[in-house]
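Note sheet for the following structure.
The values are calculated or read from the model by the stated rules, or taken from the named source; none is laboratory data. All figures in this text were calculated on a predicted structure; none of them were measured in a lab. When we count neighbours, we look across all protein chains shown, and the Cβ atoms used for this are built from the backbone with ideal geometry, even at glycine.
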Amino acid sequence: MQIVKIELPSSGEDRRDCELISLSNEKGLTIVYHKDSDNSYWMVKCEVIPAYKVLGEDFSTIGYLSEFPKDGAFFEISDSPWIKELFPDKDLHINDYKHYVFFFYDDCIEIIAKKITFEITENHNKQKEREHVLTFELDNKTKELEIHANEEGLKILKEKISFLLKIQKPIHSHLLSKNRGGEELTSQKQSSQSEMIQSVKIFKWN
C-alpha cells in the first residue's frame, strides 16, 4: 500500500483545513466543502462508485488510516487493500478503480471511484448562513473586538442577554460556531483583516 498526497488548489493543507458541508449520492457521489485556509468552496464529483464510507473523527486514525501523514488532507491509496477486498476474483477491475481518502474537520470519507473531479463553487451554505449573521472577530491590526450581525443575529444575542438577566445568581452562557458544536455564531468571516472567534462566553455577575 502506498499513500500519495493529492496536491491541488482544492486540497486542504491539513486535516482541519476543510469543513464538510454536504454529501449526496443521488447521481454519483457529490461532496461540497469549505476550505478555510483560502475561504473557498469546492465540489467533488465522483463517477462510478462501487463503495464509499464516512467515518467520524474517532475512527479516522484506526488501522491503515493511522499511517497517513499529518500534513495534507486528500490522498490516493495505490495498491489498495479495500479494492482487492471488493474485487477478489476480478483482477480486471482493480486497475479501473482508485481509492481516495478525504480528511475533513470532523469526518473522514473513503471512496472507491473510477474518476473524481474538483470544481470551485459558490457558498452552498450561503442562504442558510444568511438567515442570521453573528460573528465575533478580533481585528489583527487594532486588536479591537468587532461584533458583526444582521437583524436576526442581533435577536439571538438579545435572547442570550435577556436569559442571563432573568437569572438571579452568577451564571454564564455560550455562543458557539458550528466548528465548536453550536449554531449561534455563523462561520463566514465578515472582515478580511480579522480573526474569527469560534467560542464566546458571556458572564453575568451580581
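If you check Leu86 against the conditions, is it surrounded by fewer than 19 Cβ atoms within 10 Å (Cβ to Cβ), closer than 20 Å to Ile3 by Cα and at pLDDT below 90?
Yes.
Return yes or no: is His124 surrounded by 13 or more Cβ atoms within 10 Å (Cβ to Cβ), modelled with pLDDT under 90 and assigned to a helix (DSSP H, G or I)?
Details: surrounded by 13 or more Cβ atoms within 10 Å (Cβ to Cβ): yes; modelled with pLDDT under 90: yes; assigned to a helix (DSSP H, G or I): no.
Spelling it out, it is not the case that His124 is surrounded by 13 or more Cβ atoms within 10 Å (Cβ to Cβ), modelled with pLDDT under 90 and assigned to a helix (DSSP H, G or I).
Read through the list (1) touching a strand residue (DSSP E or B) at 6+ places or on another chain (Cβ under 8 Å); (2) assigned to a helix (DSSP H, G or I); (3) at pLDDT 85 or above, then give the number of the only condition that Phe163 fails.
Condition (3) is where Phe163 drops out.
Quick one: in segment 89-102, which of the residues that are in contact with a Leu (Cβ under 9 Å, 6 or more places away or on another chain) and under 30 Å from Lys178 (Cα atoms) is surrounded by the fewest Cβ atoms within 10 Å (Cβ to Cβ)?
Across segment 89-102, the extreme among qualifying residues is Val101.
Checking the condition assigned by TED's automatic domain parsing to the domain that holds Ile21 and in contact with a Pro (Cβ under 6 Å, 6 or more places away or on another chain), which residue from Ile62, Ile83, Ile112, Ile94 passes? Steps first, please.
Working: Ile62 fails: in contact with a Pro (Cβ under 6 Å, 6 or more places away or on another chain); Ile83 fails: in contact with a Pro (Cβ under 6 Å, 6 or more places away or on another chain); Ile94 fails: in contact with a Pro (Cβ under 6 Å, 6 or more places away or on another chain).
Sole residue among the options that is assigned by TED's automatic domain parsing to the domain that holds Ile21 and in contact with a Pro (Cβ under 6 Å, 6 or more places away or on another chain): Ile112.
Can you tell me which residues in segment 27-68 are within 18 Å of the chain's Cα centre (by Cα), hydrophobic (A, V, I, L, M, F, W, C) and assigned to a strand (DSSP E or B)?
Of everything in segment 27-68, those that are within 18 Å of the chain's Cα centre (by Cα), hydrophobic (A, V, I, L, M, F, W, C) and assigned to a strand (DSSP E or B) turn out to be Leu29, Ile31, Val32, Trp42, Met43, Val44, Val54, Leu55.
Would you be able to say whether some residue in segment 2-24 is modelled with pLDDT under 90 and more than 24 Å from Lys178 (Cβ to Cβ)?
No, the conditions are met nowhere in segment 2-24.
Kindly list the number of the only condition in (1) exposed (fewer than 15 other Cβ atoms within 10 Å of the Cβ); (2) of a type outside the set (Phe, Trp, Tyr); (3) within 24 Å of the chain's Cα centre (by Cα) that fails for His172.
With respect to (1) exposed (fewer than 15 other Cβ atoms within 10 Å of the Cβ); (2) of a type outside the set (Phe, Trp, Tyr); (3) within 24 Å of the chain's Cα centre (by Cα), His172 is out only on (3).
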